[in-house]
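Okay, so here's the structure we're looking at.
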Amino acid sequence: MILASLLQAPSAYDLVQNAVQQPDGTLLVPADATIVLRRNDILEEMRRNLRDGLLVGTYKDADILAAESEPVIVHPQIQYQRLAPQFDEMVRQQLADLLCGPGTDPGDCEAVDTGGYRVTTTLDASMQAKAEKWLKAYVIAPNLGSKQATIDYLAGLGITVQGDPYDYYRIVGPNPSTGNATGLRAANMHNGALMAVDYRTGQVLAYAGSAGFYEKPVADPARSGQNLFDPQFDVLSNGWRQPGSSFKPINYIVGIQDKTLTASSLFMDVATNFGGGYMPHDADNYERGPVRLREALQYSLNIPAVKAASINGVDHLMRRAQDFGLVFQPNASPGLSIGVGTLEVHPADLVSAYGAIADGGTLVKRSMILSIKDSKGNAVPFAGDNRQTETHPTTPQAAYIMTDILKGNTDPSQNNWWSQYKLAEGKTRRPATLKTGTSDQTEDLFALGYVAPPSDPNAPALVAGVWAGNSDRTPGRGVMSLELAAPLWHAFMQDVTSGTPITDFAQPGGLNWVNVDAFSGMLPGAFTSHVFREVFIDGTEPTQVDNTKVPKDVDTVSNTLWTYDCPGIKDTKGYLDLSQVDNGNPNFQTFDQTWIARARTGVGKKGGPNNGTTMYFYQTGFWLPFGASWGAPFAPTTSCTSNTGTPPPTPVPTPSPTPTPEPTPTPSPTPTAPPTAAPTPTPTAHPTAVPTAPPTAHPTAVPTPTPTPTPTETPTPTETPTETPTPTETPTETPTASVIFFPGFALLSLVGRRSRLGRARASAAAQQRLR
């Protein structure tokens, strides 16, 4: 009777549309549904015909009544599951556009299903299966309600603790990325998407717009009518999602190509008010002070990215991002927050943009169809047939620099955190880039990266991107891209590249490698402690010698600024001076000074507009590639004079000329210049002035005024006498001057010797740096 009822109104009486899913998964059509009421009307007509004699002997009245009360249950049908259904939907749409006009719904274009067309696509079936496997493992498995259910589901996918502990523990727990004992089971993330493209051809090789097209939706218990997981919505091409930090490579490469930025550009990672109360902070709320662009991108620092956006200019950055194939929503106006990826994009477009960087600055339009033939085997021309649309949003030089920076993210020697997701063939690391992105409210998690192109021109050069989140934008709980999107990307890329040859990225011409100060990015200076070899577009190499470390004279004993009354010896050292880093931007410089005042007292000091914490690069106790330093210590602010009180008075000069000291006694001193006053001719037994310190020896005899003996040799004034002369008559200056003079002369000699020793050590250190 149901079939007979459907004939009158197939759409209105559709059983599936009228059914309600029961807890056991069956579909029950309610008794008051129009299709059930229509069925009962037909059964009642049969009962009348039975009473009228038309159906006498065919049915019993009781049987007809029983049929009216029978529940209508829709039993699950064996459904044919298409390979890559969302990819298939995209191909069908392209075919409908070709056969019936742009924008035609495939369901309204009869030729799509009945025209007998044979379409050959770009899809790699094996790669697609791996994409779907890892999406199910990382997104569906953790949300099955119990740990055992998750374990059993993973086992069905071939993931066990014995065979694959790496992925098993990240999903089930404890998660090596966080130490979380529950892994991803408490993350509240129910959906994901993945796409892989051959960036040299633009051909889409794997495409999964959700974690499982044929999976059941997951309702959001906190939002009526909303789903945490909408399995048939294609997030890759139809979703608008915030890329977060995964947009930063686009931001920085624009400045590198424009030659307003280089990989060694110095940024102060310091909380800054950019206007309108916009004060971004880094994910951990640390403020690291001086960082180079390479470091800022590899460790995904937010404040430098916003400063880079201000240098690029928001409008210019948006236009250049569109050159990379990114599409923004109409009237989008993000302000400087575009630098940290707040402007929503289609995830598929972001994958292609990364592919353009991978391909040396060439963006190849994505394609899904290789050929179309009609029912007679004739080729059907279509857009993209044997022609790939190419644009060049950046230069090979800028693209290589960006690739080299992102490649460092999978190199443990450059990145101690992201490199846990390095790709390897056995024990050999495969050169690969990786960048993650997490939106501010953890609604969107991204991971994107690519491997070097293979030597075989017919082999695919892979770029892949992963998105994870909830369909209704519900935030995750305590999870970031590094815990979900990055390991999912890693699992897929490790799987599909296994067994393929290892190659590296080729360097184009027009680049130059230069050693720079590891903290300032400038040319190494006299007080540079670490250098880093950096790559530059020809003509953009730094010319400024490091000026963030300046010389200061300090006392070796008290470690204060040197003054004449210090207890130790003067030593010249390099000290940190960051006051001029942002001298072209008074606003930036104001907030720099606030940080500097805190940083003088060390790391872990909170303050500033975001109550941020001072920190070295990167984090104490975790990763300090250049030591616990900002490049040098801050200079002391006090001096010996301020420490010891009032300096001693300066001796009052006498009117007599300064005599030349004599090593032998003479009745009268022999001055180097005619005196202005004659000495007393009459000898006296004692000096007329009492010395402030007794002479080292008493006079042996009282000299007579005549005759005046002539010394056998007059020593030069630069030599210290071997013994103290014995005064025989009233000297023209007090003994105080002669006693002080000789120790002072010896001290000056010591200082000179130490300066020569310091220069020798500095020369040896310079040679060591060159080696």
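Here's how it looks for ARG430: its modeled amide H is under 5 Å from those of LEU423, ALA424, GLU425, which are all 5 or more places away or on a different chain. Applying the Karplus relation 6.51 cos²θ - 1.76 cosθ + 1.60 with θ = phi - 60° to the stretch 237-242 yields 3J(HN,Hα) values of 9, 10, x, 9, 9, 7 Hz, where x marks Gly and Pro.
The Cα atoms of the stretch 354-500 cover 57, 40, 32 Å along the three principal axes, with the biggest extent listed first. Whole-Hz Karplus values for the stretch 317-325 come out as 5, 5, 5, 5, 5, 5, 4, 7, x Hz, taken residue by residue from phi with 6.51 cos²θ - 1.76 cosθ + 1.60 and θ = phi - 60°; glycine and proline positions read x. Over 25 Å between Cα atoms, which of LYS307/LYS605; LYS573/LYS606; LYS130/LYS376 qualify? Check vs 25 Å cut-off fails for LYS573/LYS606; LYS130/LYS376.
Distance between the pseudo-spin-label points of THR428 and GLN619 (7 Å out from Cα toward the beta carbon): 3.4 nm. A protection proxy built from the mean count of other Cβ atoms within 10 Å ranks the segments 121-131, 222-232, 465-475, most packed first, as 465-475, 121-131, 222-232.
In order along the stretch 34-47, the phi-based Karplus estimate (6.51 cos²θ - 1.76 cosθ + 1.60, θ = phi - 60°) of 3J(HN,Hα) comes to 4, 5, 5, 4, 5, 4, 5, 4, 5, 5, 5, 4, 5, 5 Hz; Gly and Pro are listed as x. Accessible surface area normalised per residue over the stretch 127-176 is 40 Å², counting heavy atoms of protein chains with a 1.4 Å rolling probe.
Taking every protein chain into account, the accessible area of the stretch 497-594 amounts to 49 square angstrom per residue (probe 1.4 Å). Taking all protein chains together, LYS216, LYS307, LYS570, LYS136 sort by accessible area into LYS216, LYS570, LYS136, LYS307, largest first [probe 1.4 Å]. Note on the stretch 420-486: Cα convex hull, mean projected area over all directions, 5.8 nm². Computed with every protein chain present, the accessible area of THR641 is close to 40 Å² [probe 1.4 Å]. The chymotrypsin sites (Phe, Trp or Tyr not before Pro) of the stretch 540-620 that DSSP puts in a loop, and whose beta carbon has at most 13 other beta carbons within 10 Å, are TYR564.
The portion of the accessible surface of the stretch 153-242 made up by carbon and sulfur, rounded to a whole percent, is 52 (1.4 Å probe; DNA, RNA and ligands excluded). Here the peptides 550-560, 436-446 are ranked by packing, the mean other Cβ count within 10 Å, and the order with the highest first is 436-446, 550-560. With bins 5 Å wide starting at 0, give me the P(r) of the stretch 301-433 over every alpha carbon pair, in whole percents. The percentages, shortest bin first, are 2, 9, 13, 15, 18, 14, 11, 8, 5, 3, 2, 1, 0. Surface calculation, 1.4 Å probe, protein heavy atoms: PHE247 sits at approximately 10 Å² accessible. Summarising the label geometry, the points placed 7 Å from Cα in the beta-carbon direction at VAL545 and ALA186 lie 5.7 nm from one another.
The values are calculated or read from the model by the stated rules, or taken from the named source; none is laboratory data. Since we're looking at a predicted model, the values are computed, not measured. Every residue, glycine as well, gets a Cβ built from its backbone with ideal geometry; the counts of neighbours run over all protein chains shown. Please note that ligands, DNA and RNA were not included when accessible areas were found on the heavy atoms of the full protein model with its side chains. Shrake-Rupley method; radii C 1.70, N 1.55, O 1.52, S 1.80 Å.
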